[in-house]
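Below is one structure, written out as structure tokens; comments come after it.
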Amino acid sequence: MKTVRNLLLACASLSILVHATSAAEPPAALLPVSDFAKQPKYASIDFSPDGKQFAALTDLDGRMNLAVGNLEKGTLTRITSFKTYDVGLYRWISNSRLVISLYDASKGLAEWRGGGLFALNADGSEPKELAPTQEACKARNQICRQTWFVARVPGSEDEIIAGANERDLRSDDLYRLNTKTGRKTLLTEQNPGGISRWVIDQNNVPRAAISEDGRKLAETFWYRESATAPWRKIMTATGLSAPRIKPAGFDADGLLLVYSNLDSDKFKLYEFDPVSGKPGKLILEHPLVDLDTGNLRIRTKDHRIVGLQIDADKPEVAWFDETYAKLQKLMDASLPTGNINEIVLLDDGKLAVYSHGDRDPGEYYLYDPSVKRLERVLRPRDWIKPERMASTQVVRYKARDGLEIPGYLTLPVGKPATRLPLIAWIHGGPWARDDWGFNPDVQFLANRGYAVFQPNFRSSTGFGIRHYTAGFKQYGLAMQDDITDGVRYLIAQGIVDKDRVCIGGGSYGGYATMMGLVKEPDMFKCGINEAGVVDLIWGQELGYTDFNQSDPDAAEAFYTVAMGDVKADRAMLEKYSPRLHADQIKAPVLIVHAVHDKRVPFQHAEGMRDALKSAGKPYEWLVFPDEGHGFAKMENRVKRYETIEAFLRKNLGP
């Protein structure tokens, strides 16, 4: 691997004492499209355990490669120079060595998996292939088994805990792996089978696990007292709505913490009682969201669990240790007002801090409590001025059946919050959620003068089991009504002009766009369908999608419960497939799709276009022949924004 040395850092000064934010600037006029389309100069920032170096992904000749910054020398070194791959995930093993996995971003989201595993030193030396890429496997006529990073081994310069499916494609194992010699030791000789997740204790011993049976939609929790004890089946939860226990992590004294919703709608954090096999002492709960999507904060030196990050309306951290609670207050007081300041625990008591917000794409700092010094390190999107961006507020409203729906509303800068044109921007999944934070799409639309509404409609994840299951078999029904009810709520509040509302989104958001135009033809004046599913039968029966190919039996079982049985519920699925009801659409549609999309095949775009054409309905067509499920190339992202802007200006006005 070729090494490029002594590149300039984005921030010339690496040790600026931070006390306050800069003076506010007047609101900006229209900003260049490229401001929103550009990827950050440096992505996925992570600090070495001692805080003296950081690593980041950066573009090199159109590919994402890995760079390492030395904070003492003030240098940035690109340590990989791949031409046909992109560096995906990476982790620090020690202060001198890293592991990386590869993928090909040009193939699109659905083909990013299984990129092999490699290790190298922080200066680019001593590279080692730990697992081959998929292409290398195919060239050798081998079945490609996956290997991935699981955890550091504190105190070791070269070793990691790695996961792999070498023994069984449907069950993961753990290994202790030397990244210089490639030598590995199996840690899970006694494997219950079907394991999808392991949890290791403070001594790197696998002692908790989750196995899955996708065909039965079953999840089993396993536990053992020690490395030599037999595995005990604690419980099996069968069905998507069944309450369950999930292992979270082991504390310094070997105590397992678990997430559970056995006695509530939402997952809470408990101590695990190994005698009863049930949750014991309650550690933490949140009134609005599940805790099982959060990240435990673990102090490396003694493996003490000191906090939990919570994906609430806005990100927050519950600290169990008063020392870190005080440090959090100090960071919040020292860094820009309104930002979320995420603390990462490094060795020797140092902290890395990622400060970001709805208007601020983020900046990275280091804090050394021993000298009480806060240093600004890197601003990956330094061309974005937070004071020119729009604020995002949390909204909650009642759906027509009384279910409370959380969401976000972003209002354009410098305009009164009355009778604004609105874009209802719908997230994909649908089994996902929108989060509070900087979003280039949202900021672009707001900069063009539109209010942006992001509802976390039923079936969005993280808001409890009732919110999730309330969306089962509700494509085009209550899931769609949640969006409509949110728009009506904003109109009733006087914020939105009822005659200037558009709907848009990608993947499931594209489906919701088309179904919204079918079901509410007088509400929405236009629609932006990006890679949207337009035929629910196709969504299940097109066997060449990546989801259907990964495990056909599991995919069928999941779809049957969450979307509808393709045989028993066929009439319902057809009724709520917008391709079959193009004649009911009044508003113009912009269809954006990529030819090589394996998540939502291009057939959906062609089918919707043909249906609109046959019905004599207005539409516009933007196709990218060189993309997959997403837009990787800068020129394509610029073209997408320019087309969306022209479409909205034509149909909603400026």
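Could you say whether any residue in the range 210-224 is of a type outside the set (Ser, Thr, Tyr) and without any contact (Cβ under 8 Å) to a residue 12 or more places away in the chain? Even if it seems obvious, please write down each step before you answer.
Residues of the range 210-224 that are of a type outside the set (Ser, Thr, Tyr), as a first pass: 210, 212-219, 221-222, 224.
Add one more test, that the residue is without any contact (Cβ under 8 Å) to a residue 12 or more places away in the chain, and what stays is none.
No, every residue in the range 210-224 fails to be of a type outside the set (Ser, Thr, Tyr) and without any contact (Cβ under 8 Å) to a residue 12 or more places away in the chain.
Candidates are the residues of the range 466-478 that are surrounded by fewer than 24 Cβ atoms within 10 Å (Cβ to Cβ) and in a helix (DSSP H, G or I); the one that is farthest from the chain's Cα centre (by Cα) is Ala478. Does the range 394-416 hold any residues that are touching a Lys or Arg at 6+ places or on another chain (Cβ under 9 Å) and free of Cβ contacts under 8 Å to residues at least 24 places away in the same chain, and which are they? Once the filter is applied, which keeps residues that are touching a Lys or Arg at 6+ places or on another chain (Cβ under 9 Å) and free of Cβ contacts under 8 Å to residues at least 24 places away in the same chain, the range 394-416 yields only Glu404. Look at the range 227-247: where a residue is farther than 17 Å from Asn191 by Cα and a partner is among the acidic types (Asp, Glu), sitting 6+ places away or on another chain with Cβ atoms under 7 Å, you get Ala237/Glu219; Arg244/Glu219; Lys246/Asp292. Can you confirm whether Gly280 is of a type outside the set (Ser, Thr, Tyr) and at positive phi? Here the answer is no, as Gly280 does not meet what is asked. Note on the range 370-394: residues that are surrounded by fewer than 20 Cβ atoms within 10 Å (Cβ to Cβ), of a type in the set (Val, Ile, Thr) and part of a strand (DSSP E or B) total 1.
When you look at Ser125, is it among the hydroxyl-bearing types (Ser, Thr, Tyr), surrounded by fewer than 20 Cβ atoms within 10 Å (Cβ to Cβ) and over 22 Å from Thr181 (Cα atoms), yes or no?
Against the criterion (among the hydroxyl-bearing types (Ser, Thr, Tyr), surrounded by fewer than 20 Cβ atoms within 10 Å (Cβ to Cβ) and over 22 Å from Thr181 (Cα atoms)), Ser125 does not qualify.
Restricting to the range 335-345, name every residue that is in a loop (DSSP other than H, G, I, E, B), in contact (Cβ under 8 Å) with a residue 24 or more places away in the chain and touching a strand residue (DSSP E or B) at 6+ places or on another chain (Cβ under 9 Å).
If the condition is that a residue be in a loop (DSSP other than H, G, I, E, B), in contact (Cβ under 8 Å) with a residue 24 or more places away in the chain and touching a strand residue (DSSP E or B) at 6+ places or on another chain (Cβ under 9 Å), then Leu335, Pro336 are the ones that fit.
For every residue, the table says whether it meets (1) exposed (fewer than 14 other Cβ atoms within 10 Å of the Cβ); (2) among the hydroxyl-bearing types (Ser, Thr, Tyr); (3) within 28 Å of Leu403 (Cβ to Cβ).
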{"site": "Asp213", "(1), (2), (3)": "no, no, no"}
{"site": "Pro230", "(1), (2), (3)": "yes, no, no"}
{"site": "Met235", "(1), (2), (3)": "no, no, no"}
{"site": "Ala252", "(1), (2), (3)": "no, no, no"}
{"site": "Asp263", "(1), (2), (3)": "yes, no, yes"}
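Here Asp348 fulfils each of the conditions (1) of a type in the set (D, E, K, R); (2) touching a residue at least 24 places away in the same chain (Cβ under 8 Å); (3) touching a strand residue (DSSP E or B) at 6+ places or on another chain (Cβ under 7 Å) apart from (3).
So for the range 39-46 (the condition being of a type in the set (S, T, N, Q), within 21 Å of Phe631 (Cα to Cα) and part of a loop (DSSP other than H, G, I, E, B)), does at least one residue qualify? Yes, the range 39-46 has at least one match.
Restricted to the range 484-567, the set of helices (runs of 4 or more DSSP H) holding at least 2 residues that are more than 26 Å from Asp441 (Cα to Cα), out of contact with any Cys (no Cβ under 9 Å at 6 or more places or on another chain) and of a type in the set (Gly, Ala, Ser) comprises 552-562. The residue pairs whose first member lies in the range 609-636 and is among the hydroxyl-bearing types (Ser, Thr, Tyr), whose second member is surrounded by fewer than 15 Cβ atoms within 10 Å (Cβ to Cβ), and whose beta carbons are closer than 8 Å, counting only pairs six or more residues apart or on different chains, are Tyr619/Lys613.
Residues that are over 25 Å from the mean Cα position of the chain (by Cα) and within 23 Å of Lys650 (Cα to Cα) within the range 491-506 comprise Ile491, Ile495, Val496, Asp497, Lys498, Asp499, Arg500, Val501, Cys502, listed in sequence order. Based on this model, can you work out whether Arg207 counts as out of contact with any strand residue (DSSP E or B) (no Cβ under 9 Å at 6 or more places or on another chain) and either part of a strand (DSSP E or B) or not β-branched (Val, Ile, Thr) (or both)? Criteria not met by Arg207.
Apart from one condition, Arg599 fits all of (1) part of a loop (DSSP other than H, G, I, E, B); (2) within 14 Å of Lys519 (Cα to Cα); (3) of a type in the set (D, E, K, R); the exception is (2).
Among residues belonging to the range 602-652 that are among the charged types (D, E, K, R) and in a loop (DSSP other than H, G, I, E, B), point out the one that is surrounded by the fewest Cβ atoms within 10 Å (Cβ to Cβ).
Of all residues in the range 602-652, those among the charged types (D, E, K, R) come to 606, 609-610, 613, 617, 620, 626-627, 633, 635, 637, 639-640, 642, 645, 649-650.
Next, only the ones that are in a loop (DSSP other than H, G, I, E, B) stay: 617, 626-627, 633.
Details: Lys617: 17, Asp626: 13, Glu627: 24, Lys633: 15.
Here the answer is Asp626.
Each residue in the range 162-174 was checked for being touching a residue at least 24 places away in the same chain (Cβ under 8 Å) and surrounded by fewer than 19 Cβ atoms within 10 Å (Cβ to Cβ), and 5 of them qualify.
Readers should treat all values here as calculations from the given coordinates under stated rules, not as data from a laboratory. Quantities reported herein were computed from a predicted structural model and do not represent experimental measurements. Quick reminder, even Gly has a Cβ in these numbers, built from the backbone with ideal geometry, and neighbours come from all protein chains shown.
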